[in-house]
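K.L.:
What follows is a single structure, and I will ask about it in a moment.
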Amino acid sequence: IIFYIYIFLLVGAGPSAQVCSLLGQPALPLLSAQKDINIGAIFSFHRSALLKMHPFTSEPEPTTCISFNLREFKFAQTLIFAIEEINNNTQLLPGVSLGYKIYDSCSSIALTILSVKKKENIFDILCIFFLQISHFATCACLSNRNIYPSFFRTIPSDYYQSRALVQLVKHFGWTWVGMVRSRSDYGNNGIAAFEEAAKQEGICIEYSEAIFKTDPQDQFLKTVEVIKKGTARVVLAFIALGDFVPLLKVISQHNITGIQWVGSESWITSRTLAETKEYSFLSGAVGFAIANAKLVGLREFLVNVHRDQEPNNELLKEFWETAFHCSFRNSGSGGCTGSERLAELQNEYTDVSELRIANKVYTAVYAIAHTLHNILKDIKSSTKIKIMDLSSQVLEYIGGVKFTIKTGEEIFFDASGDPVARYDLVNWQPVQDGSLQFKNVGFYDSSLPSEQHLQVNQEHVLWAGDSGQLPVSVCSESCPPGTRKAVQKGRPVCCYDCIPCGEGEISNGTDSSDCFPCDLEYWSNESKDRCVLKVIEFLSYTEIMGMVLCIFSFIGLLLTIIVSLLFYLHKETPIVRANNSELSFLLLFSLTLCFLCSLTFIGRPTEWSCMLRHTAFGITFVLCISCILGKTIVVLMAFKATLPGSNVMKWFGPLQQQLSVVFLTLIQMIICVLWLTISPPFPYMNLSYYRERIILECNVGSALGFWAVLGYTGLLSILCFVLAFLARKLPDNFNEAKFITFSMLIFCAVWLTFIPAYVSSPGKFTVAVEIFAILASSFGLLFCIFSPKFQDGC
């Protein structure tokens, strides 16, 4: 309460009115002027009171106040200036003059309470008619209407200042701050509100130290050590000026520099601090100050104050001695003459460049005047108010008051008795004489939309150490894109390690709390900050494996054509005629198709290529095996025909052989047609085998159809192998049964090996295995069946 300055309304009463009584020594006003309606005020004209030990055996002597405060005296004169201005205004309170009774609290709770006691021989008052308007009490606790129903103020609540400071810290990217506060309602409530809002914005507090001006030196030393050892480069001082000065003295002795100070309104515009060169380490400090204003005529009023106006007023005498550093008790050097001129002084009293708090005194007086104006107007009309009900309705009147003062500011109170929160953002910048000046670099206005509350001209800010570089105050450096934050165990959320995102995950923002998986068709890039389309993998003609398989396919095709050409040139020779030339040419044709069939497995799978590759493979190989099966049966029939009475060959002549090939191949074609009709193969993006890439492959569609094609081909192969095996030892120079046996052995071995390799091979290697099986079996049939014929022919 020491720092809360109250303005309260006193209404003179007639001699017959009921009055209050007071036991004990009354407090007398130091400045007063009795008029129609009197306004009472309390200011701390002195910074402290001498503490005395009372024996409690006699009545205590009056308290002695020391250390005259020029700033508080200026506030009192501003109140008188506003009252005289109102009295000269014919539009406001016409026919009614305002007076004043101003008391000194001496920064003492006891004297403050004593000043508001009411006694009939001091002044007349209606005991039930009492309200308070403060120009300097910022504690958010005073907004509680249940506890303080009659309290109003013209200065914003710390509730708004705390949130404004949070927005400021967030705006500059400071997430790791230290705090020093007053051990009082001002500091405790202000920091509590700051901490609550800071937590919501992700701002962490490294330490929070509480001090009071009467603390022992050890407490200030302890606080300084905490600041020195802290890693936060930004320190918020939500502290009363009187508490801050002892701490600053200790800091200056320890030569602590490089701290970016953020201040509350109580000290951020203190000329005393700014003009003290020992506190130059405060250069670059930023903080919110009550919005400044210009009161026309105030300076002229201030410099016209003179002791001779009230020669017996001890307060004016003390003011004069403090202002001119003289004494009326001395007649010689150092003595006051009374001829000194205030207009020639430049001090805290005469300086009107910073009227932030004085303007709130001025505004409070006008708020009372407008309230009285409305009350008296309704009393005269006798329509809205009765004099007996005045006490219960006066709070409603001041709560509903709304007016504009000559500075252009619109004044009104909310339901909690608070005004609109408007602050100037002040930056301490050095001047040539080594002192510091206050420069406005932005503002905070709670009446604007939320996203516009804070406005900062950052290019005009000078930071700690007279640097133009924005300080960095973080517990951990920002995590770049591609990483996520992992909170360090046992430390605040602002202290974290940066963990790289896993494969297939990204974070595309700074300080991401988590990594996000890419969609199925995307994969993280190398830096893990962007999802890119997965590489689509298939066996292409341009890669080495595809090229090699193509080369072997063309070699097989060329060899088959050469063999066919040689067979054609020697078709009349006994060896060709003996080996069933019709089936041999048909076999060579089917092998040609087999080699060409392998090419359909290479390249980007499409709907048509997927259907073609499997059906072409099944039909060409059945055609090939059917020809070999026909040749095998011919060998068996030929040797059976040599037996006496055998007439077998007439049942399996060339026409029957060709029809058998057609019939066996037709069965495979029917299977393929059913497969393509019911559930044909189709291109399919396999996302499950590899996480980082997509396998573009041909899905067989119907697994039954696929294995039916392979099964039918295998059945014919096994049948051909068995028959050839039975005929391998039949005598004849041109018996090719043993070569067919060997070729079918290779064929069956290749395809039996193919099955497990096909199932286990990943991606494009599955296709490569299938092509290899086609080529290997085709080469095996070509070489095992036809190469011996050239050897025999030679």
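The values are calculated or read from the model by the stated rules, or taken from the named source; none is laboratory data. Note that this is a predicted model, so its numbers are computed, not measured. Cβ placement follows ideal geometry from the backbone for every residue including glycine, while neighbour counts extend to all protein chains displayed. Protein only, heavy atoms only, side chains kept; ligands, DNA and RNA dropped before computing areas. Shrake-Rupley method; radii C 1.70, N 1.55, O 1.52, S 1.80 Å.
K.L.:
Skipping prolines and chain starts, which residues have an amide H placed within reach, meaning under 5 Å, of the one on ARG484, given they are 5 or more residues away or on another chain?
P.N.:
When sequence neighbours closer than 5 places are left aside, the close amide H contacts are ILE499, CYS501.
K.L.:
Which helices, counted as full DSSP H runs in the chain, have an axial Cα extent of no less than 27 Å and a Kyte-Doolittle average of 0.5 or above?
P.N.:
The answer, listed by residue number, is 544-569, 607-641, 654-678, 703-726, 737-760, 764-793.
K.L.:
If you count, for each residue, the other Cβ atoms within 10 Å and average over each peptide, how do 702-708, 344-350, 610-616 line up from highest to lowest?
P.N.:
Peptide ranking by packing, descending: 610-616, 702-708, 344-350.
K.L.:
Further question on the same structure: Just list whichever of LYS52/LYS360; LYS249/LYS439; LYS228/LYS277; LYS380/LYS402; LYS222/LYS277; LYS360/LYS439 have alpha carbons separated by over 28 Å in the model shown.
P.N.:
LYS52/LYS360
K.L.:
Only four residue types carry charge here, +1 at the Cβ of Lys and Arg and -1 at the Cβ of Asp and Glu. Report the dipole size of the chain about the Cα centre in Debye, rounded to the nearest 20.
P.N.:
2340
K.L.:
Another question about this same structure. If you place +1 on the Cβ of every Lys and Arg and -1 on the Cβ of every Asp and Glu, how big does the dipole about the Cα centre of segment 483-533 come out, in debye to the nearest 20?
P.N.:
Dipole magnitude for segment 483-533 comes out near 360 debye.
K.L.:
For the chain, with the dipole built from +1 on Lys and Arg beta-carbon atoms and -1 on Asp and Glu ones, taken about the Cα centre, which of PHE554, GLN91, LEU565 lies farthest toward the positive end?
P.N.:
LEU565
K.L.:
Considering only protein heavy atoms and a 1.4 Å probe, what is the carbon-and-sulfur percentage of the accessible area of the chain?
P.N.:
The value for the chain is 59 percent carbon and sulfur by accessible area.
K.L.:
If you wrap a convex hull around the Cα atoms of the chain, how much volume per residue is inside, in Å³?
P.N.:
Spelled out: Cα convex hull of the chain, divided by residues, is 281 Å³.
K.L.:
Would you mind calculating the relative contact order of the chain from Cα pairs under 8 angstrom and at least 6 residues apart, reporting the percent as a whole number?
P.N.:
9
K.L.:
Which Cα, out of SER266, GLN469, GLY190, lies furthest along the positive dipole direction of the chain (beta carbon charges, K/R +1, D/E -1)?
P.N.:
Among SER266, GLN469, GLY190, the one farthest towards the positive end of the dipole of the chain is GLN469.
K.L.:
Mind listing the long-range amide H neighbours of ASP511? Cut-off is under 5 Å, sequence gap 5 or more, other chains count too, H placed in the peptide plane at 1.01 Å from N.
P.N.:
Long-range HN contacts for ASP511: CYS479.
K.L.:
In a Debye calculation with equal point scatterers on the alpha-carbon sites of segment 483-533 and no solvent, what is log10 I(q)/I(0) at q = 0.16, 0.22, 0.24 Å⁻¹?
P.N.:
These q points yield log10 I(q)/I(0) values of -0.45, -0.70, -0.79.
K.L.:
Kindly work out what percent of the DSSP beta bridges joining two residues of the chain are antiparallel, to the nearest 5.
P.N.:
Close to 60 percent.
K.L.:
Any idea what the relative contact order of segment 483-533 is, in percent, if you count C-alpha pairs under 8 Å spaced at least 6 apart?
P.N.:
Normalised by residue count, the contact order of segment 483-533 is 33 percent.
K.L.:
Probe of 1.4 angstrom, ligands and nucleic acids ignored: what's the accessible area per residue over the chain, in square angstrom?
P.N.:
For the chain, the per-residue accessible area is 48 Å².
K.L.:
Looking at ASN255, LEU315, VAL235, which one has the Cα that reaches farthest to the positive end of the dipole of the chain (charges on Cβ: Lys, Arg +1; Asp, Glu -1)?
P.N.:
The residue sitting farthest along the positive end of the dipole is VAL235.
K.L.:
Now for a different question. In deg cm²/dmol and to the nearest 500, what is the mean residue ellipticity at 222 nm of the chain if only DSSP H runs of at least 4 residues count, each as -39500 (n - 2.57), divided by the residue total?
P.N.:
Dividing the helical sum by the residues of the chain leaves -13500 deg cm²/dmol.
K.L.:
State whether segment 245-369 is rounded, prolate or oblate according to the following rule on the C-alpha gyration tensor (a ≥ b ≥ c being the square roots of its eigenvalues): a/c under 1.5 gives rounded; otherwise a/b larger than b/c gives prolate, and the remaining case gives oblate.
P.N.:
Oblate.
K.L.:
Which of the peptides 85-91, 293-299 is most tightly packed, and how do the rest follow, going by the mean number of other Cβ atoms within 10 Å of each residue?
P.N.:
Going from most to least packed, we get 293-299, 85-91.
K.L.:
Okay, moving on. Ordered by residue, what ³J(HN,Hα) values in Hz, to whole numbers, does segment 267-280 give under the Karplus form 6.51 cos²θ - 1.76 cosθ + 1.60, where θ = phi - 60° and Gly and Pro are x?
P.N.:
Once θ is set to phi - 60°, the couplings for segment 267-280 become 10, 5, 10, 6, 5, 4, 5, 5, 8, 8, 5, 5, 9, 5 Hz.
K.L.:
Cβ neighbours within 10 Å, averaged per peptide: list 165-174, 280-289 in order, most packed at the top.
P.N.:
Listed from highest to lowest mean packing, they are 280-289, 165-174.
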